[in-house]
Amino acid sequence: PKETVETWEKLFKEGIGADAFVVTDNYSYFPAHSCVLAAASPVMATLLDQSRGKNGNPYLKIPGVPCEVVYTFIRFLYSSCYEEEEMKKFVLQLLVLSHYYSVPSLKRVCVEVLDQGWINKENVIDVLQLARDCDAE
């Protein structure tokens, strides 16, 4: 239901009751809920279990990925929501994140975006190689 999605979106955007942090390369961070991240990804569950910040709260560092992409990724984990333009813009990075963190629902969305005309003659080899590397053929 729409109300449920809105609740999860609010929880993500406002960080109400957050007990963890997601940290990006430039040390930007935003609050998160370790139980949501762990439920969405077995890899994140393990990483959160192994990490504790100075305040004792778990954190998840996602290196090598721009903050905007990480934000889009984590938002998807909460509500399966995304902006079409962001998905198109970040699809390759999100595909890699979906593979690395074992999030099959996001991988399916990324494959759909790629199948809908994202691939062209200039990028076909690189995209197909990346798809193969991410088991997204």
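The values are calculated or read from the model by the stated rules, or taken from the named source; none is laboratory data. Every value quoted in this text rests on a predicted model; they were computed, and no experiment measured them. Don't worry about glycine lacking a Cβ; one is built from the backbone with ideal geometry, like all the others, and counts go over all protein chains shown.
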Residue list for region 25-43, filter: crowded, with 19+ Cβ neighbours inside 10 Å and touching a strand residue (DSSP E or B) at 6+ places or on another chain (Cβ under 6 Å):
32, 34
Can you name the number of the only condition in (1) in contact (Cβ under 8 Å) with a residue 60 or more places away in the chain; (2) surrounded by fewer than 20 Cβ atoms within 10 Å (Cβ to Cβ) that residue 12 fails?
(2)
Among the residues of region 61-78, is there at least one that is touching a Gly at 6+ places or on another chain (Cβ under 9 Å) and more than 21 Å from residue 4 (Cα to Cα)?
no
Could you list all residues from region 84-121 that are of a type in the set (S, T, N, Q), at negative phi and surrounded by fewer than 18 Cβ atoms within 10 Å (Cβ to Cβ)?
105, 116, 120
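A quick yes/no check of all residues on (1) over 21 Å from residue 62 (Cβ atoms); (2) assigned to a helix (DSSP H, G or I); (3) of a type in the set (Lys, Arg):
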| site | (1), (2), (3) |
| --- | --- |
| 82 | no, no, no |
| 90 | no, yes, no |
| 96 | no, yes, no |
| 110 | no, yes, no |
| 116 | yes, yes, no |
| 126 | yes, yes, no |
| 129 | yes, yes, no |
| 132 | yes, yes, yes |
By residue number, the members of region 4-28 that are touching a helix residue (DSSP H, G or I) at 6+ places or on another chain (Cβ under 9 Å) and among the hydroxyl-bearing types (Ser, Thr, Tyr) are 4, 7, 24, 28
Can you tell which of 60, 48 is over 12 Å from the mean Cα position of the chain (by Cα) and among the hydrophobic types (A, V, I, L, M, F, W, C)?
48
Looking at region 86-137, which of its residues are of a type outside the set (A, V, I, L, M, F, W, C), over 18 Å from residue 65 (Cα atoms) and at pLDDT 90 or above?
104, 105, 108, 112
